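The values are calculated or read from the model by the stated rules, or taken from the named source; none is laboratory data. Bear in mind the structure is a predicted one, so any value in this text is a computation, not a measurement. Glycine also receives a Cβ, built like all others from the backbone with ideal geometry; neighbour counts cover every protein chain displayed. To get the accessible areas, we keep the full protein, side chains included, count just its heavy atoms, and leave off ligands, DNA and RNA. Shrake-Rupley method; radii C 1.70, N 1.55, O 1.52, S 1.80 Å.
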Amino acid sequence: VDEKNSPQNLCTDTTRNILDVMRAKNIPRLVWCGGGSNLLPLRDKITFGSKFVRWYANSFLNHRHTDKEHQMELLNANKDICWVGIRPLQMKKGPKRGVYRLGYDKFSGLSNISFADCAHAM
């Protein structure tokens, strides 16, 4: 999502279309890529660092952050689709190393993953 040029809800609208196709083709599971500012208050430990990242994303990446929030709301509203999410804080260029953590980890503002490793994890 480009902060200046992308449609307002690009990821959300794309996901809505994907969900429709999944239902038509009887595909039950989706792997979703969110971001570090997408917090789940009932599951995440909300720390000062996570609050800062959420504030930063909302203030300086609002277009992207809001789209991802809408996308997560859409997924939560569609209970017939089983989905799992990956929420990397920082994604950077780099090789696939196959070294990363999955699950609910304590928030760290220093965490990062390469695009290749994120794709591998998905």
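One table, with the values for the structure above:
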item: Using a Förster distance of 30 Å, the FRET efficiency for ASN62-THR14 (Cβ separation, nearest 0.05); result: 0.95
item: Placed amide H near TYR100: partners under 5 Å, 5+ positions off or other chain; result: none
item: Estimated distance in nm for a label pair at VAL21 and HIS120, the labels positioned 7 Å out from Cα along Cα-to-Cβ; result: 2.7
item: Accessible surface of CYS33 - all protein chains present, 1.4 Å probe, nearest 10 Å²; result: 30
item: Derived scalar couplings ³J(HN,Hα) [the range 79-89; Karplus, 6.51 cos²θ - 1.76 cosθ + 1.60; whole Hz; x for Gly, Pro]; result: 5, 6, 9, 8, 9, 10, x, 10, 10, x, 6
item: From phi via Karplus (6.51, -1.76, 1.60), per-residue ³J(HN,Hα) for the range 21-35 in Hz, x at Gly/Pro; result: 5, 4, 5, 5, 9, 6, 9, x, 10, 10, 9, 10, 10, x, x
item: Long-range amide H partners of TRP83 with built H, under 5 Å; result: LEU30
item: Within the range 3-38, backbone nitrogen closer than 16 Å to the virtual label 7 Å beyond the Cα of GLU73 toward Cβ; result: 8-16, 38
